Structures are given as C-alpha cells and as structure tokens.
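Data first, discussion second: the structure below is written as structure tokens.
Just so it is clear, none of the values below were taken in a lab; they were calculated from the coordinates. Predicted model, so just to flag it, every value in this text is computed and none were measured. As a convention, Cβ positions derive from the backbone with ideal geometry for all residues, glycine included, and neighbour counts pool all protein chains shown.
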Amino acid sequence: MADAKKETLKKSTDNGKIDEPIDEVPLYSKKRVMIPLIISAAVVMIAIVCWYLSIAGTIYTDDAYVDGNRVIVSSKYTGRISELKAEEGDNVKTGQVLVKLDDSDLSAQEKQSKSALEYARQNLELATVNSSKNEEDYARAENQFTNNVITKEQFDHAKKSLEAAKAQDAIAQAQIDSASAQLGVIRAQLKNIVIESPMNGIVAKKWAMPGDVVQVAQPILTVYDISNLWITANLEETKFGRIHLNQTVYVYIDAYKKHKFTGKVIQLGANTASQFSLIPPNNASGNFTKVTQRIPVKISIDLNQDSNKIESVRILPGMSAEVRLNTK
C-alpha cells in the first residue's frame, strides 16, 4: 500500500538507464533546492563583507548629544523681581534688558547717601574756614612772640589751634571720601537691579516669576547660544589613541535620523567624564572594579556646509546623537 502511495518519476536517458525515484535522490543533487540556497548564501556573505568594510577603520558611539554655550542669568543683589521681560523660547540679544528688580530700598539709600555727602561737604567748608582763621592767628602769634608781645603759652595755644584745625580739615575730607564711596556703592547696586543679556541666544528656561524674591547668584533665566552648537561625544578610553584633531566625523541626530551630517573633531577632552561626577571613583584601595572610562570629544557641526543643509532643520542643545569617526 505504501508503494502504491509513493509516486516515482521515470525518465529515459541517452544510454537507456532509468533514474531513481525522486524521494531517493540526495538533497544536494536537487538543483531547484541548491541553486536558491547558494544564491542566498552568496548574498549573505556579500552583505557581511560590505558591512565589515563600512565599519572597518571607524569608531562608533551613541553616547553623544548636541551641546552649546549657555549662561545662567542671575542677580548680584537680593531683591524682588518687578519686571521679567523675557519668556521661554524668546530670542534675545547682547545688552537686552531681561530682568528688573524692585529699587525702592536702594533709591531711599541713595537719597540718604546724597544727604550724607552734602553734609560732609559743608563740614569741609567749615573746617577750611577754621583752618584759614587759625593760620592767620598763628602767623600773628608768631610775629608777636618774636617781638616779646605775647607769652610762650599764648604762642603754643595758637600753634595747637592751627594743628587742630588742620586735623578737622582732614577729617572733613575723609568724610567726603567715605560718603562718595558709599554713594558709589548704592549707584552700582542700582545698576545691578537691571539685568541684561550677556550674549545673543534663546531663553531656554525660566526659573523665577515676577514677585519672587531672588538671592545673590540665584538662577532667573538660562540663555543658550544656538548659533554655535557642537556635538559632545563620550568615547571609550581604549579607542582614544585613534582619535586626533580635524578627524572627519559623521553625525546622526535622532531628530533627523535619515540625514548624515558631516563634522570634524575640534577638541579632545583633558580628563574622563567620571572626574566631574558627584562622587569621583577612588581606586587607591587594593580592591577595585576596573571600568572602561569615557573621554568627552567635541565635534563641530557647520549647518552652513552644503552637505549639512536640510530644510526646516532645528538643532537644539541636549538632542541625542550618534557619531562615527573615520580613523583611516
């Protein structure tokens, strides 16, 4: 029954021999099976060779991101924010007023300092008059003492009075200097309550609101210079010896995955990234775990370059990226 179900294919050959049943033919002898298998294997091998040639002589990492210069706008004076003239996303220019603090206390102190300065000036005038009078009295006393008109005691009194007047004159001048300095400090603080943008850029983050009382060095706004961006790539120390300045780099930004940007290595890190961690590693002990360190490398990305121009591109600090350095 099994022989009845089994189909055999009989074919005549040139020498009159009959082929074996198809089920008994070895697999490697079946052309319709082996030809596609050989073609598939060849395609796989070619793909592997092409992939190897594409990565040979390159260094790759996805530990990279877009970076740029940033400034944290803060106050040099403790005060309440009266005006906040910029919002997140606003473009700002150097010297543009961003924040104004309440100046009521400083204005009152300025008036007080002006009054103290005027008082010191009046004291100086009075001291100058007294000094001039005592100089004249001393000149007369000296002449009279020479001619034995007055006693030695009277002459000494005139001399001491002149010295006291000169001392009062010096004290009045010192009071003027002190009042002027104090007024200068107040006026400098009045300038500090008007905070300007230190560079051209975009407001990335607003940390305070109008009405908030800010302390010295407390962040108010964060401004990024988006006209000068670069890629910071943290590369393994085992590959650092193959990296040099002006090396060609291909950058793939996650936001524009299909576009390959071209850049160059412009700066090599001077230390590993772990040195600036919250708790730097301490390997001075006898037992430690060796971990491959990463060194930051700065890569330029010129959007004005023809190969980097794409429509509606907007690269922002913090975007994730992948880089491939050509070490050939």
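Couple of notes before you dig in:
- The calculated FRET efficiency for Lys257 paired with Ala108, based on their beta-carbon distance and R0 = 51 Å, is about 0.30.
- Dipole axis of the range 103-192 (+1 Lys, Arg; -1 Asp, Glu on Cβ), positive-most option in Phe155, Gln173, Ala127: Gln173
- Taking each residue as 0.36 nm, the span from Ala174 to Asp62 lengthens on full extension beyond its C-alpha to C-alpha distance by 33.7 nm.
- The range 256-291 versus the range 203-230: alpha-carbon centroid distance in Å: 27
- Note on Ile72/Leu303: beta-carbon distance plugged into 1/(1 + (r/R0)^6) with R0 of 30 Å gives a FRET efficiency of 0.70.
- Prolate/oblate/rounded call for the range 103-192, Cα gyration tensor, a/c under 1.5 rounded: prolate
- Dipole check for the range 103-192: with +1 at the C-beta of Lys and Arg, -1 at the C-beta of Asp and Glu, and the Cα centre as origin, the magnitude is about 100 Debye.
- Projected label distance in nm at Arg314 and Leu190, using a 7 Å step from Cα toward the beta-carbon: 4.2
- Amide hydrogen neighbours beyond the local backbone of Glu322, cut-off 5 Å, H modeled: Tyr252, Ile253, Asp254
- Take the Cα of Asn143, go 7 Å toward its beta carbon, and the backbone nitrogen atoms of the range 157-178 under 20 Å from that spot belong to 157-163.
- Modelled spin labels at Ser132 and Phe276, positioned 7 Å past Cα toward Cβ, are 6.6 nm from each other.
- Calculated FRET efficiency for the pair Glu87/Val216, C-beta based, R₀ 22 Å, to 0.05: 0.35
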